[in-house]
1. With a cut-off of at least 2 residues that are crowded, with 21+ Cβ neighbours inside 10 Å, name the strands (runs of 3 or more DSSP E) lying wholly within region 656-768.
2. Taking interchain pairs and intrachain pairs at least six residues apart, which have beta carbon atoms under 9 angstrom, with the first residue in region 653-666 and farther than 13 Å from Ser684 by Cα and among the basic types (Lys, Arg) and the second surrounded by 24 or more Cβ atoms within 10 Å (Cβ to Cβ) and at pLDDT 95 or above?
3. Mind listing whichever residues of region 176-194 are under 15 Å from Val242 (Cβ atoms) and either at pLDDT 95 or above or crowded, with 20+ Cβ neighbours inside 10 Å (or both)?
4. Just for helices (runs of 4 or more DSSP H) wholly inside region 543-650: which have at least 3 residues that are surrounded by fewer than 20 Cβ atoms within 10 Å (Cβ to Cβ)?
5. Restricting to region 418-450, name every residue that is more than 19 Å from Val495 (Cβ to Cβ), buried (at least 20 other Cβ atoms within 10 Å of the Cβ) and modelled with pLDDT of 95 or more.
6. Tell me whether region 591-604 contains one or more residues that are within 30 Å of Ala686 (Cβ to Cβ), out of contact with any helix residue (DSSP H, G or I) (no Cβ under 9 Å at 6 or more places or on another chain) and in contact (Cβ under 8 Å) with a residue 12 or more places away in the chain.
7. Considering only residues of region 467-488 that are touching a helix residue (DSSP H, G or I) at 6+ places or on another chain (Cβ under 8 Å) and part of a loop (DSSP other than H, G, I, E, B), which is surrounded by the fewest Cβ atoms within 10 Å (Cβ to Cβ)?
8. Taking region 207-234, which residues are in contact with an Asp or Glu (Cβ under 7 Å, 6 or more places away or on another chain) and over 26 Å from Ser193 (Cα atoms)?
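The values are calculated or read from the model by the stated rules, or taken from the named source; none is laboratory data. Treat the numbers as computed from the prediction; the structure is a model and nothing was measured. Backbone-built Cβ (ideal geometry, glycine too); neighbour counts: all protein chains shown.
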Amino acid sequence: MNQDYIKADHWSIIEEGFDVNQVKSSESLFSIGNGTMGQRANFEEQYSGPTFQGSYIAGVYYPDKTRVGWWKNGYPEYFAKVLNAPNWIGINVSINGEALDIFKCKKIENFRRELNMKEGWLSRSFKATLQNSIEIEVESKRFLSLDFDEVGAIEYKVKLLNSDAQINFSPYLDNGITNEDSNWDDKFWDVLSVNHEDNQAFILSRTMKTHFYVCTAMQSQVSLNGKVIDQQNTVSENSNYVEFQYKNQIKKGDTIALTKFGGYTTDRNHDKKELISVAKKTLHEVSKIGFQALLDLQKAAWSKIWEMADISIEGDVKAQQGIRFNIFQLNQTYLGKDARLNIGPKGFTGEKYGGSTYWDTEAYCIPFYLATKDQKVARNLLAYRYQQLDKAIENAEKLGFKNGAALYPMVTMNGEECHNEWEITFEEIHRNGAIAFAIYNYHRFTSDYSYIPEKGLEVLIGIARFWHQRATFSKAKNKYVILGVTGPNEYENNVNNNFYTNYIAKWCIKYAAENIDIVEKDYPSDFTRIMNKVKLSKAELTQWKTVADNMYFPYSEDEQVYLQQDGFLDKELITVADLDKSQRPINQKWSWDRILRSPYIKQADTLQGFYFFEDDFTVEELERHFDFYEPFTVHESALSPCVHSIQAAKLGRMEQAYTFYLRTSRLDLDDYNHEVHEGLHITSMAGTWMSIVEGFGGMRVKNNRLSFSPKIPKQWNAYSFKINFRNQILKVNVKQNKTQFELDGTEMLDILVNDELINIQPNRLVSV
């Protein structure tokens, strides 16, 4: 592990003691968000040490132009990146003319930072001795409001400990920011105006190329020993910066505080001509409410989220902290309010992966949102892809596919492919399958079939057409093959017949065909509308089925396993256990060429197929494949431990399942992959939830019923979670010797527990 400095706590992430080497990691770990905007845990005051400043607005991005010297056909025209937004949190502080900068202070004592997940706020406190020998105590608290999601609030207090002094607060807005991942400190914003009025200030700016209009705003006031000071501020501004200055002579023992409200209004939600007036009105409203009352609203809003989403663990504080951290960050990133948005792998915590949408959403996030939110949230995530179907068809056309075949992008902001790595863009086509599987998963869980005739079937047809055209008939094998792909294991590029890709291609075609039959029979008007649009003939449908029925899957008779791809057994099969520890992680130690030639697997690949389609295989087959592939898996993807934890639990290997659970739940908190300074692994956090609910709880939907096969690690006394299943809330409490079920609803619910039918009556505890 890279670090272990976060204090174990049931409800908070706590750092004690100041270490400059931990600043960037902590900036990620203590990030806050409200689904509309988010920010890394940068200090409000000036900091001259190593830092990664980052504030982000959902849906605001920049298309960095891609330049390719040759073979341009189909290559993405740009690489999208989430933009570092103008900084609104800044508060420069000076004491007797010396800037507060904890990187330069003589001494920092009692440094403490806390992210309270239960109530949704971030605090920091410390004692500092400045170079001028003045001693101060600082306390700050901030949050991004869930009730007013365009606003954040900060309360910043300074107490004089050893002398009188002049304290200057300078809250500011700064549009002169750069992106951490920019090569040349490029600027991505045009400033249109800088304005101020009384204690409010506004910067109106516009992104280059994409032309998103954003108003960054702030309002501030000063109080002394809890009483507001009515004073005029001094204003300083330039073309991309505005600052208020509040100067006060303070006595020893006094506490002076600055309250600052700020945030963003954008033309994604308002008329671009109204952005300043909307910001002005919102700031007036929240300042009238006041910091403490707004914080009370925040606590109530988070209490409501936790009421449904919480997973409680008894007897293992680190495991408890891990799952709550994951659930908290998921809810900070996406709350399902806006169908135009999706979930980026880093959320609002960093810039890696461009902040774009990947297949992670469909494969890992949808199950979490299905079970912990109203089903319309998951439906919004499905609708996001439907809205981009035309772009997916265009994307396939660029590669030479036709007739409405759809290839969804690996990475996207608006439906267009915007990844700049060849092997990912052209080869990792299995992403299409996850999008189809999400439709299946939604219907399986909710029983809401209406989505398929309304929107989903068109998506399924486009995907099936792609797979039909992408497959090639091999005379040598007398089967259909899929060549030149990258599976979920990105440590293998341009391989032939990746098992997972071939399997999900077959499944997609069959699933599309099944639903065409259902819609034709039960939804004739939708069927007519769709067929008139897609022009699907019976002859084409027959061709699809021929491909699906004759798909090739590489198999080893000696090992009795499906091979990850053709030629996998040609590799030097040295297990991870026999690999020198000094060579780990291999993605930071080895050349790409060496990785590609090795047998090492980044994340579940063949086993991903066994996870999605476990009903197609026996437990014995799962065990054989798990025993063959897991020893070669380095788990250097955040998406890896959760799948292996679920499967280890299914196999009854609870110690192994528990180890994988800890790895996925504390991936960032303990920095297993030595990269948390770049941001958190948001989408894999849904996998942590799956590890408990689907792994230990054994939750499935079988024969249209909820099914459980509960298991519990020996390290835990009990754990509990809730499932929102078809508008009824089922609470599950698993103990070492029994499992209890309680239904919050109006109708009885039949469930399966270890394949035995159990009847659950509303508001009546059932023990099994």
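1. Result: 705-708, 718-725, 728-735, 739-744.
2. Once the first residue is farther than 13 Å from Ser684 by Cα and among the basic types (Lys, Arg) and sits in region 653-666, its partners that are surrounded by 24 or more Cβ atoms within 10 Å (Cβ to Cβ) and at pLDDT 95 or above give Arg653/Gln647.
3. Residues of region 176-194 under 15 Å from Val242 (Cβ atoms): 176-177, 189, 191-194.
Correct list: Trp189, Val191, Leu192, Ser193, Val194.
4. Working: elements: 586-589, 592-597, 606-612, 619-629, 640-650.
Output list reads 586-589, 592-597, 619-629.
5. Hits for region 418-450 are Ile435, Ala436, Phe437, Ala438, Ile439, Asn441, Tyr442, Phe445, Thr446.
6. Step one: list which residues in region 591-604 are within 30 Å of Ala686 (Cβ to Cβ), which gives 592, 595-596, 598-604.
Next, from what is left, pick out any that are out of contact with any helix residue (DSSP H, G or I) (no Cβ under 9 Å at 6 or more places or on another chain): 592, 596.
The next check asks that each one be in contact (Cβ under 8 Å) with a residue 12 or more places away in the chain; those that pass are 596.
Yes, region 591-604 contains at least one residue that is within 30 Å of Ala686 (Cβ to Cβ), out of contact with any helix residue (DSSP H, G or I) (no Cβ under 9 Å at 6 or more places or on another chain) and in contact (Cβ under 8 Å) with a residue 12 or more places away in the chain.
7. By that ranking, first place goes to Gly484.
8. Step one: list which residues in region 207-234 are in contact with an Asp or Glu (Cβ under 7 Å, 6 or more places away or on another chain), which gives 208, 212-213, 224-225.
Passing the criteria: Leu224, Asn225.
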